[in-house]
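Written out below as structure tokens is the structure these notes cover.
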Amino acid sequence: MSLRVVLGGLCAVLWLLAACWDPNAFADNTDAKPVDQQANEPKSAEELLSVEFAEARRMLKGAAGHAECVWLGRRVVGLLWRDDLDTAFRHLDIYDRFGCPNDHIQATFRCLILNGSNIDPKAADTLNGRVQACWVNPLLKDAHTRAAAPNVGSAH
């Protein structure tokens, strides 16, 4: 009888160890990056979007930094850039219903116009990145814009 109890206990312990065992814990992973480098790299589109929302929340005060305002507002600005005005205005109606600030759309679109000379129309990432940069800092001026801007105060 005691041998059955010992064997049963041993089986239970082995079963628990097998359930907790991580076969990848001792695997040789030669392409692994350092932990601090892995922590800085977003792993999916959702994580990237989460990082962008957090950046907007940190940089902006008020409703312009709310996730729903960032999500809708960036789409409105992108649609305006691509001349899809009907869709942009439908998104803008929803943006308004969430209580998001219209002046931030205007400032972001102005920033995009002033800084959009080198946006590749076929590369969505370029446009999305510039819209995000302008959303979190509508007063953004890049080197291309400063170099191309005429000297307003100079005499002719």
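Just one of the listed residues (GLU47, GLU52) is within 18 Å of the chain's Cα centre (by Cα), at pLDDT 70 or above, surrounded by 13 or more Cβ atoms within 10 Å (Cβ to Cβ) and among the acidic types (Asp, Glu), and it is GLU52.
Restricting to segment 109-136, and then to whatever is loosely packed, with under 14 Cβ neighbours inside 10 Å and either under 17 Å from PHE53 (Cβ atoms) or polar (S, T, N, Q) (or both), can you tell me which residue is modelled with the lowest pLDDT? Among them, the one singled out is SER117. Examine segment 74-92 for a residue that is within 18 Å of ARG130 (Cα to Cα), surrounded by fewer than 20 Cβ atoms within 10 Å (Cβ to Cβ), within 15 Å of the chain's Cα centre (by Cα) and free of Cβ contacts under 8 Å to residues at least 24 places away in the same chain, and state whether such a residue exists. The answer is yes; a qualifying residue exists.
Cβ contacts < 8 Å: first residue assigned to a loop (DSSP other than H, G, I, E, B), restricted to segment 107-122; second residue hydroxyl-bearing (Ser, Thr, Tyr), any location; separation 6+ or different chain. Result? Qualifying pairs under 8 Å: SER117/THR145; ILE119/THR126; ASP120/THR126.
The values are calculated or read from the model by the stated rules, or taken from the named source; none is laboratory data. Here the structure is a predicted model, which is why all the values come from computation and not from measurement. Reconstructed Cβ throughout: ideal geometry from the backbone, glycine too, with neighbour counts over all protein chains shown.
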